[in-house]
Amino acid sequence: MQLKSYVQGRWFAGEGEAQQLRDATTGQVIATASSTGIDFKATLRYAREVGGPALRELTFHQRSAMLKQLAKKLGEYKEEFYKLSYATGATKTDSWIDIDGGFGTLFAYASRGARELPNSKVYVDGDLEGLSKGGTFVGQHICVPLEGAAVHINAFNFPVWGMLEKLSPTLLAGVPAIVKPATTTAYLTELVVRRIIESGILPEGSLQLVCGSVGDLFDHLTCQDVVSFTGSANTAQKLRTHPNVVANSVRFISETDSINSCVLAEDAKPGQPEFDLFVREVAREMTTKAGQKCTAIRKAIVPMAHADAVVEALRATLAKVVVGDPRLDNVRMGPLAALSQRREVLGRISELRREAELITAERIDLAGADHDHGAFVAPSLLYCREPRKAKALHHIEAFGPVCSVVPYESTREAIGFARLGEGSLVASVFTADDALATELVLGLAPLHGRLVVINRDCAKESTGHGSPLPALVHGGPGRAGGGEEMAAFVASCITCSARPFRAARRRLPRSLDGGREAPCRRIRAAIRSARRSMSCRSATASTRPSAK
Ligand code: NAP
């Protein structure tokens with residue numbers, strides 16, 4: 001099957017040599033992709049002249065209703081999407097995150113748009129600002145849609161959610177999108193886009209799809225366009241510094257790779273609920289999507305005194321994971337998305353092994369699959385006994401089922417190890433001690449996009465370490481790309497710096513707020529003015545103080 005792009009109102013089969021896309025388990029070619037022959041200048045013009053005006057005719061509420069209708073419609077094809085998703089190496093649970101997670105994001109934006117944005121085409125941001133003594137001259141911020149296109153360049157690991165989490169706020173803002181999925185898993189994105197286009201729910205021109213490379217598209221971007229990139233730091237760097245992007249100050253949002261940490265606090269000893277929760281979470285993060293999540297835990301930072309106990313508990317938990325063909329009911333972890341990824345991940349593990357010892361089996365038996373055709377990597381736990389001397393550990397991201405145990409001697413040192421990632425998407429903290437939680441959160445916040453605090457009280461309802469949520473900002477400073485998606489992202493598509501959606505910061509435990517009781521109005525005002533200079537955009541935490 002040759003994948004087609006959807007550009008300028010029609011399905012287009014690329015010309016010339018096409019890239020072969022293979023089933024991650026069997027190695028069979030299931031599709032080919034090429035974008036050769038697409039006129040990218042005309043594709044951008046189509047978005048600007050056809051999609052943009054049609055979307056701008058609608059109010060926020062009408063666009064919200066459109067997103068809701070789309071989410072419902074896509075739900076009708078779930079079975080078809082799940083079936084194809086196996087080819088990416090995803091188990092049913094992995095696909096649930098990608099497919100249902102994507103639909104959930106559409107629903108979430110539909111509902112937030114209807115509740116929090118006005119039934120108009122313009123967003124009036126904040127109160128009037130008095131600018132004169134007599135009050136005859138005032139200022140007011142307003143937000144209107146950009147008149148260009150949003151170019152979404154996505155990573156291979158979430159072919160559905162990765163598209164919908166960007167598409168939801170973009171369409172809600174009234175901006176047309178050109179989606180370029182990673183080629184490796186583009187066949188699933190193409191199927192979903194096919195069903196979207198067939199539904200006729202979106203105005204023509206508001207969604208175009210490019211399967212294959214983006215050719216000379218970047219040469220034709222203007223200041224009214226926005227690029228939202230997800231992928232490796234190297235590609236981000238290349239695209240961010242494209243001469244036309246620089247010359248025209250094209251908005252560029254990037255989510256790149258990240259060394260995420262999970263910290264077991266000093267109070268969480270073996271036998272405590274938080275210790276068991278920590279072990280379960282690290283193992284889950286290593287094996288969900290075979291560790292191919294930008295938010296996956298790469299460093300499990302644990303008190304020196306409990307390091308051996310953590311290693312043993314993790315080793316035992318990982319040994320029970322059945323790896324193999326994701327189509328089998330008993331399989332808990334599938335292959336990586338492609339053999340090229342396996343080569344890359346194995347290479348990174350070798351580099352990490354110069355500083356850390358691999359303590360799990362290098363090669364494992366597979367259920368219903370073989371190592372020759374499938375891109376399998378065994379869950380790989382490393383133990384770094386001398387993290388103070390380590391370098392690779394804090395810089396190399398092995399984008400697979402790989403995590404290193406890093407022992408620390410003091411809370412301060414734990415914070416220091418996490419910060420060596422030089423900007424990460426997320427860190428989580430497992431503790432029942434509010435004072436330790438506060439110390440860790442405040443130490444980690446400047447270098448992380450999201451912090452998760454988990455204890456015995458909130459664990460059951462918690463969405464876990466690795467879940468980006470529509471209500472909270474997804475992104476991180478420095479190496480993580482410095483971007484922000486979701487929660488506030490609508491603003492990136494509208495020509496104003498202010499942000500219509502607010503993060504759920506009110507849910508932070510009081511200890512993080514210095515224990516002060518401020519009236520709601522004052523908190524909101526403070527959040528509003530502080531947002532632009534605060535480093536950690538969102539935090540999730542237990543709302544009840546925990547019993548020690
Ligand atoms: P990648 O090579 O950078 O590819 C990412 C996307 O960029 C793909 O769609 C790719 O298309 C495209 N691309 C590559 N070179 C390009 C160029 N010169 N011009 C335009 N587009 C170009 O990344 P990857 O190795 O596939 O993805 C894994 C990485 O993504 C990991 O490091 C992971 O941490 C990161 N990631 C981050 C997040 C996040 O939210 N922070 C989420 C998921 C993944 P082709 O596929 O056609 O090459």
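Structure data summary
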| read-out | value |
| --- | --- |
| Test: residue in region 135-149 that is within 13 Å of the ligand (Cβ to nearest atom) and either exposed (fewer than 11 other Cβ atoms within 10 Å of the Cβ) or in contact (Cβ under 8 Å) with a residue 24 or more places away in the chain (or both) | no |
| Test: residue in region 255-277 that is among the hydrophobic types (A, V, I, L, M, F, W, C) and at pLDDT below 95 | no |
| Residues satisfying the stated conditions in region 347-371, i.e. within 16 Å of the ligand (Cβ to nearest atom) and in contact with a strand residue (DSSP E or B) (Cβ under 9 Å, 6 or more places away or on another chain) | ARG348, ILE349, LEU352 |
| Meets criteria (hydrophobic (A, V, I, L, M, F, W, C), part of a helix (DSSP H, G or I) and surrounded by 18 or more Cβ atoms within 10 Å (Cβ to Cβ)) for ALA90 | no |
| Any chance GLU266 is of a type in the set (Asp, Glu) and touching a Pro at 6+ places or on another chain (Cβ under 9 Å) | yes |
| Filter pass, LYS289 being in contact with a Leu (Cβ under 8 Å, 6 or more places away or on another chain), modelled with pLDDT of 95 or more and within 16 Å of the ligand (Cβ to nearest atom) | no |
| Selection from region 328-339 of residues that are without any contact (Cβ under 8 Å) to a residue 60 or more places away in the chain and either of a type in the set (Phe, Trp, Tyr) or within 16 Å of the ligand (Cβ to nearest atom) (or both) | none |
| Selection from region 134-167 of residues that are under 21 Å from ALA47 (Cβ atoms) and in a strand (DSSP E or B) | CYS143, PRO145, ALA150, VAL151, HIS152, ILE153 |
| Where a residue in region 222-239 is part of a helix (DSSP H, G or I) and its partner, wherever it lies, is more than 7 Å from the ligand (Cβ to nearest atom), with Cβ under 6 Å and at least six apart | ALA236/SER254 |
| Sole residue being over 28 Å from the mean Cα position of the chain (by Cα) and farther than 26 Å from ALA87 by Cα, chosen from GLU362, GLU312, GLU351 | GLU312 |
| Among (1) within 16 Å of the ligand (Cβ to nearest atom); (2) more than 19 Å from SER232 (Cα to Cα) - the single one MET163 does not satisfy | (2) |
| Per-region count, region 206-238, residues over 25 Å from THR32 (Cα atoms) and surrounded by fewer than 22 Cβ atoms within 10 Å (Cβ to Cβ) | 9 |
| Subset of region 175-220 (residues that are more than 12 Å from the ligand (Cβ to nearest atom), at negative phi, out of contact with any Ser or Thr (no Cβ under 6 Å at 6 or more places or on another chain) and in a loop (DSSP other than H, G, I, E, B)) | VAL175, ILE201, LEU202, PRO203, GLU204, SER206 |
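Yes/no per residue for (1) more than 16 Å from the ligand (Cβ to nearest atom); (2) surrounded by fewer than 17 Cβ atoms within 10 Å (Cβ to Cβ); (3) free of Cβ contacts under 8 Å to residues at least 12 places away in the same chain:
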{"position": "GLN19", "(1), (2), (3)": "no, no, no"}
{"position": "ALA24", "(1), (2), (3)": "no, no, no"}
{"position": "THR32", "(1), (2), (3)": "no, no, no"}
{"position": "ASP39", "(1), (2), (3)": "yes, yes, no"}
{"position": "THR43", "(1), (2), (3)": "no, no, no"}
{"position": "TYR46", "(1), (2), (3)": "yes, no, no"}
{"position": "VAL50", "(1), (2), (3)": "yes, no, no"}
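The values are calculated or read from the model by the stated rules, or taken from the named source; none is laboratory data. Note that this is a predicted model, so its numbers are computed, not measured. Glycine also receives a Cβ, built like all others from the backbone with ideal geometry; neighbour counts cover every protein chain displayed.
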